[in-house]
Amino acid sequence: MRLGAYLWAAPVTLLGLLAAFAMQSSGGSIRVVDGVIEACGGWPARLLQAGFPFSDAVAALTLGHVVLGVSTDALDATRAHERVHVRQFERWGVLLLVLYPLAGLLAWRRGGHPYRDNKFEREARAATPASSERPDSAGIQSTGR
């Protein structure tokens with residue numbers, strides 16, 4: 001059954017691996033924690049720190065079974081939250097790349113915030129201990145896409 005979850009999320013994991021290798025080749029690092037590849041640093045980390053529309057800067061971002069973070073401290077601090085996003089990719093596969101922004105759009109159309117009120121982010125926050133939801137030392141919040 002685990003093999004099926006890895007295969008279902010594999011197309012998105014491949015995108016994550018490309019970003020992870022870009023991190024490593026530009027001075028970052030890669031490690032495997034509990035079957036999930038975690039990468040941080042390098043120029044892609046600066047993109048995470050620059051932020052995205054509706055979410056500002058992020059400490060970490062999940063693509064399948066790959067979590068990209070700005071630093072090892074950020075990866076450690078957001079691990080529980082990002083693992084929920086890993087499970088979401090196991091459930092939805094590549095469809096999550098469409099469903100996540102649609103959930104943000106739906107939240108916004110209902111008068112909410114496209115990131116904070118996104119169904120997938122609410123699920124991750126609900127399953128995450130409060131201590132791991134705090135911003136890291138740079139004031140960056142966790143997110144997963």
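The values are calculated or read from the model by the stated rules, or taken from the named source; none is laboratory data. All values reported here derive from a predicted model rather than from experimental measurement. As a convention, Cβ positions derive from the backbone with ideal geometry for all residues, glycine included, and neighbour counts pool all protein chains shown.
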Evaluate the following for Gly64: is it surrounded by 22 or more Cβ atoms within 10 Å (Cβ to Cβ), touching a helix residue (DSSP H, G or I) at 6+ places or on another chain (Cβ under 8 Å) and closer than 24 Å to Arg116 by Cβ? yes
I'd like the full set of residues that are free of Cβ contacts under 8 Å to residues at least 24 places away in the same chain and either more than 16 Å from Ala5 (Cβ to Cβ) or in contact with a strand residue (DSSP E or B) (Cβ under 6 Å, 6 or more places away or on another chain) (or both), limited to the range 60-89. Asp76
Which one of the conditions (1) surrounded by 15 or more Cβ atoms within 10 Å (Cβ to Cβ); (2) at pLDDT 95 or above does Leu48 fail to meet, given that it meets all the rest? (2)
Evaluate the following for Gly4: is it in a helix (DSSP H, G or I), small (Gly, Ala, Ser) and either surrounded by 13 or more Cβ atoms within 10 Å (Cβ to Cβ) or touching a residue at least 60 places away in the same chain (Cβ under 8 Å) (or both)? no
Assuming Phe54 fulfils every condition listed in (1) modelled with pLDDT under 95; (2) assigned to a helix (DSSP H, G or I) apart from one, which condition is it? (2)
Of the residues in the range 33-45, those that are at negative phi and either crowded, with 18+ Cβ neighbours inside 10 Å or aliphatic (A, V, I, L, M) (or both) come to Val33, Val36, Ile37, Glu38, Ala39, Cys40, Pro44, Ala45
Residue in the range 81-92 that is modelled with pLDDT under 95, out of contact with any Phe, Trp or Tyr (no Cβ under 8 Å at 6 or more places or on another chain) and closer than 23 Å to His113 by Cβ present: no
Residue, surrounded by the most Cβ atoms within 10 Å (Cβ to Cβ), within the range 76-133, restricted to residues that are in a loop (DSSP other than H, G, I, E, B) and among the basic types (Lys, Arg): Arg116
